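The values are calculated or read from the model by the stated rules, or taken from the named source; none is laboratory data. On a predicted model such as this, the values are computed, not experimentally measured, just so you know. Quick reminder, even Gly has a Cβ in these numbers, built from the backbone with ideal geometry, and neighbours come from all protein chains shown. SASA here: full protein model, heavy atoms, side chains in, ligands and nucleic acids out. Shrake-Rupley method; radii C 1.70, N 1.55, O 1.52, S 1.80 Å.
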Amino acid sequence: VISRSKYRCFMFLFLFLVFFFQAEDGIRDRLVTGVQTCALPIYAYPPEISEEDAHKVWIESPKEAYVAIGKDNKIHGTYYIKANQPALGSHVCNCGYIVSETARGTGLATSMCEHSQEVAKGLGFIAMQYNLVVSTNKNAIRLWKKLGFHIVGSLPKAFKSKSAGYVDALIMYKELLT
């Protein structure tokens with residue numbers, strides 16, 4: 001059982017609470033396992049990503065990471081936020097999101113994206129960019145557009161889909177109003 005008292009709770013998301021993830025939290029192993037299993041078809045990470053590499057990608061490298069925990073005390077979603085580029089490009093952030101199979105269609109992705117935009121503004125970012133939105137991920141594209149993101153570029157055959165072969169990847173961008 002996770003003790004919610006040791007987390008900073010940021011907002012309610014339907015049936016979920018979003019917490020700032022800290023490395024010493026007891027949910028670390030479950031989060032890493034979730035990254036290893038939930039994101040495979042739509043992320044550029046290898047399907048056999050190691051626990052160490054998943055930890056590095058989702059927890060160590062980002063500026064901050066958040067988790068959405070349901071009433072069942074399980075992780076149903078997570079996202080990270082980091083600078084898209086170092087130094088002169090560090091005013092634009094990048095985020096990665098994962099929603100569990102059981103939480104899809106509940107509005108959790110929408111809520112996490114809205115939450116991440118507020119966090120980004122608080123961290124001083126002026127825009128958000130998604131570098132590799134897989135063109136076959138129609139639900140994500142529809143959601144990001146609904147939330148104000150624009151397609152600013154297309155990378156031909158930049159993603160190797162297990163089911164569809166080489167497919168295009170989109171770059172999506174949104175200025176964050178302060």
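For the range 69-79, backbone phi angles converted through the Karplus equation (6.51, -1.76, 1.60; θ = phi - 60°) give residue-by-residue couplings of 10, x, 4, 7, 6, 9, 6, 10, x, 7, 8 Hz, Gly and Pro being listed as x.
Protection proxy ranking, highest mean first, for peptides 89-97, 114-122: 89-97, 114-122, where packing is the per-residue count of other beta-carbon atoms within 10 Å, averaged.
Under 5 Å from the amide H of Glu64 lie the amide H atoms of Ile81, each residue being 5 or more positions distant or on a separate chain, with H modelled from the backbone and absent for Pro and chain starts.
Segment Lys63..Arg104, full-extension length gain: 12.2 nm, with 0.36 nm per residue of separation and the alpha-carbon distance subtracted.
Please calculate how many Å² of accessible area the range 120-169 carries per residue, with a 1.4 Å probe and no DNA, RNA or ligand atoms counted. Per-residue accessible area for the range 120-169 comes out at 59 Å².
Stretched out straight at 0.36 nm per residue, the stretch from Ile126 to Arg142 would grow longer than its current Cα-Cα span by 3.5 nm.
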